[in-house]
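Single-structure report; data block below.
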Amino acid sequence: MSYEKKIRDLMNRLAAMSPEPPPYPEEMTMARPEARKSLRPALVFATAAALVAVLAIPLLLFTGGGDPIGADTTTTTSTATTMPATSTTTVPATTTSTEPGVTTTQALEGTSWTGVVFVYQSPDNSFSGNPGLIPLNLEVTAPPGTFSDHTDFTQILGLLADSGPGLPEPFENAIPSDVRLVWWGEEDGTVRPDMNEAFRAGAGGLLADMTMLNQLIYGLTWMNEEARVLFTVDDEPVEAYGSEGLVLTDPVGRDSFLDHLHIINLTSPIVRQADGSYLVEGIANVFEATVIVAVVDGAGDVVHEEFVSATCGTGCWGEFSTTIDGESIVPGESSVRIFTYSAQDGSVVDAITVPIPENGVWEYAVGG
């Protein structure tokens, strides 16, 4: 007889010897050995897991277990889709929009606009006569209601021309004051500005037309220099632009009309960096790829000068960049001059000069 069977017989005898055993203890005494024999570890764990799940469901329902997940999801979605009002632009639903070239801010009930605007300058001692492109940081204040979330740099330039003091010397603007952006969007690396009818006429003459286009292209691609630009009027590609009837049915970019620009152009405003220095960067097509960057004080004396190498030159366009020690610049008095030296007589040629504003921003008040 096996050991297990002997134990079972012994328990049966003891139960028979007990006088009138209560039914519940008897049932439990007889059942325990049998249960131990039949239960397996896997069954035990499965049963425990099921029991935990059954007990947990009422607890979660009672404590609102689904609410934290729903709240997190809602919060995440709201954070990802909420945009500042200053970046809102009305565009077709199939496009996405940002504000390339323009950082619009509103303060004092919409009386202030700040952003980057590309203008031009007629260089000194230049053989080509082409304009040099220069971006400026502008801050314009006006009466309440003048600006909105959709105010762009074409409106600002028109406002300065029609109602304000104009641009500071020696800067100029080739975009006529009646030329406006109706709406714009960006899709797949292409900026799509829809212009008003006045855009078709250009700026009056081939060079002015090309300068206007370069100002618009560089302004619209300020946040993405590699983007292309497809101009439209009434949502239709422009088949004849300006005095020469230029076809603009294909996207154009910063490299499209370089032959109509000066050999030295700036691509970002000259502003003070966190370490106190001033960043100067641009593009050039100069002899031996050499650009000279100098600082001129209020009396006209050169207080700093350095040679900067572009990435290409003598027949090709290259990028150049340098930082100037802030100690050599007095905002409101100093100017940065970028030029080359003549290979024939060593004189200063093709110079563009950028005054450094007192607060780092050109400030204007119009209409009041």
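The values are calculated or read from the model by the stated rules, or taken from the named source; none is laboratory data. Predicted, not measured: the structure shown is a model, and the values here were computed from it. Virtual Cβ from ideal backbone geometry, glycine too; neighbours counted across all protein chains shown. Accessible surface areas use protein heavy atoms only, side chains included; no ligands, DNA or RNA. Shrake-Rupley method; radii C 1.70, N 1.55, O 1.52, S 1.80 Å.
A few remarks follow.
- The slack between Glu281 and Asn359, meaning 0.36 nm per residue of separation minus the straight C-alpha distance, is 26.1 nm.
- Euclidean distance of C-alpha centroids, the stretch 149-175 and the stretch 314-368, integer Å: 21
- Across the stretch 268-316, C-alpha contacts under 8 Å between residues 6 or more apart give a mean separation that, scaled by the residue count, equals a relative contact order of 34 percent.
- Solvent-accessible area, 1.4 Å probe, carbon plus sulfur percent, for the stretch 146-245: 45
- The listed residues Asp325, Asp149, Asp234 rank as Asp234, Asp325, Asp149 when sorted by accessible area, largest first, using a 1.4 Å probe.
- Modelled spin labels at Asp188 and His150, positioned 7 Å past Cα toward Cβ, are 2.6 nm from each other.
- Placing pseudo-labels 7 Å out from each Cα toward the beta carbon at Asp325 and Cys312 gives an inter-label distance of 3.5 nm.
- A simple rule links phi to the HN-Hα coupling: the Karplus curve 6.51 cos²θ - 1.76 cosθ + 1.60 with θ = phi - 60°, which for the stretch 171-187 gives 9, 9, 10, 9, 7, x, 5, 8, 7, 9, 7, 7, 7, 8, x, 9, 8 Hz, with x for Gly and Pro.
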